[in-house]
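A.B. asks: Sharing a structure below in structure tokens format, with a few things to ask.
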Amino acid sequence: MYLNLDAIDAKILFYLQKNAKMPIKEMSEYIHLSESAIHARIRNLEERGCIKNYVAVLNKSMVNKKLTSFTGLQLRTHTQYNLITSMELISKFPEVINCYMVNGDFDFLLHVAVADMQEYHSFFSNALLKVKNIETVKTFFVLDESKADNRIDLSRRSRMRH
């Protein structure tokens, strides 16, 4: 379901995506709205499901998860049951940051973070290869990261001042 956002909601989401721990007082100064109104709008965005959760973005090097990869998986058989059970199983692997069901050459695209090639090899051998319905595994290792940002740009919906 699409949630129609007004300009104020879009600004609130902009600032929350930039820093979810931003004090409401500071946000109210940027947006020119009372703290209680900002708080009520945030609660409303949460209740309506626009804000799913709040997370801390970790420095992968500091937590020894420096090797990032994107792994495409193609299944042998494509029944609805196989797609759903494979996705549920793969999503439980701790090395998998994101699991997407996609179209094209692969059925799933995994965003994986591990310490090093040895840990990836262990993940590949002890987790992925044990998923019975996988036909093909193709991994792309990230050499350099030019942009790592989970924020969604809402600027086209409304004008936002930084």
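A.B. asks: For the range 1-48: of the residues being assigned to a loop (DSSP other than H, G, I, E, B) and of a type in the set (Lys, Arg), which is farthest from Asn150 (Cα to Cα)? Full working, then the answer.
C.D. replies: In the first step, residues of the range 1-48 are kept if they are assigned to a loop (DSSP other than H, G, I, E, B); the result is 1-6, 19-23, 32-34, 48.
Now restrict to residues that are of a type in the set (Lys, Arg): 21, 48.
Values: Lys21: 16, Arg48: 20 Å.
For the range 1-48, the residue satisfying everything is Arg48.
A.B. asks: Kindly list, by first and then second residue, each pair from a residue in the range 55-76 that is of a type in the set (Gly, Ala, Ser) to a residue that is part of a loop (DSSP other than H, G, I, E, B) and surrounded by 18 or more Cβ atoms within 10 Å (Cβ to Cβ), limited to pairs with Cβ atoms under 8 Å and residues at least 6 apart or on different chains.
C.D. replies: Within 8 Å, the pairs are Gly72/Phe106.
A.B. asks: Follow-up question, since we're still on this one. Considering only the range 87-97, I want to know if a residue exists there that is in contact with a His (Cβ under 8 Å, 6 or more places away or on another chain) and among the polar types (S, T, N, Q).
C.D. replies: Our first condition is that a residue be in contact with a His (Cβ under 8 Å, 6 or more places away or on another chain); within the range 87-97, this holds for 96-97.
If we keep only those that are among the polar types (S, T, N, Q) too, we end up with none.
Among the residues of the range 87-97, not one is in contact with a His (Cβ under 8 Å, 6 or more places away or on another chain) and among the polar types (S, T, N, Q), which makes the answer no.
A.B. asks: I'd like to check which strands (runs of 3 or more DSSP E) are fully inside the range 53-120 and have at least 2 residues that are of a type in the set (A, V, I, L, M), touching a Phe, Trp or Tyr at 6+ places or on another chain (Cβ under 8 Å) and buried (at least 16 other Cβ atoms within 10 Å of the Cβ). Even if it seems obvious, please write down each step before you answer.
C.D. replies: On the way: elements: 67-75, 96-101, 108-114.
By residue number, 67-75, 108-114.
A.B. asks: Looking at the range 1-27, which of its residues are of a type in the set (Ser, Thr, Tyr) and surrounded by 17 or more Cβ atoms within 10 Å (Cβ to Cβ)? Don't jump to the end; show me each part of the working.
C.D. replies: The first filter runs over the range 1-27 and keeps only residues of a type in the set (Ser, Thr, Tyr), leaving 2, 15.
Listed by number, the list holds a single entry, Tyr15.
A.B. asks: Quick one: count up the residues across the range 121-137 that are touching a residue at least 60 places away in the same chain (Cβ under 8 Å) and loosely packed, with under 12 Cβ neighbours inside 10 Å. Step through it out loud before you land on a result.
C.D. replies: Residues of the range 121-137 that are touching a residue at least 60 places away in the same chain (Cβ under 8 Å), as a first pass: 134-137.
Right, trim to loosely packed, with under 12 Cβ neighbours inside 10 Å and you get 135.
Result for the range 121-137: 1.
Throughout, read-outs are computed from the coordinates displayed, never taken from laboratory work. In this text, all values refer to a predicted model and were calculated from it rather than measured experimentally. Cβ: placed from backbone, ideal geometry, glycine included. Neighbour counts: every protein chain shown.
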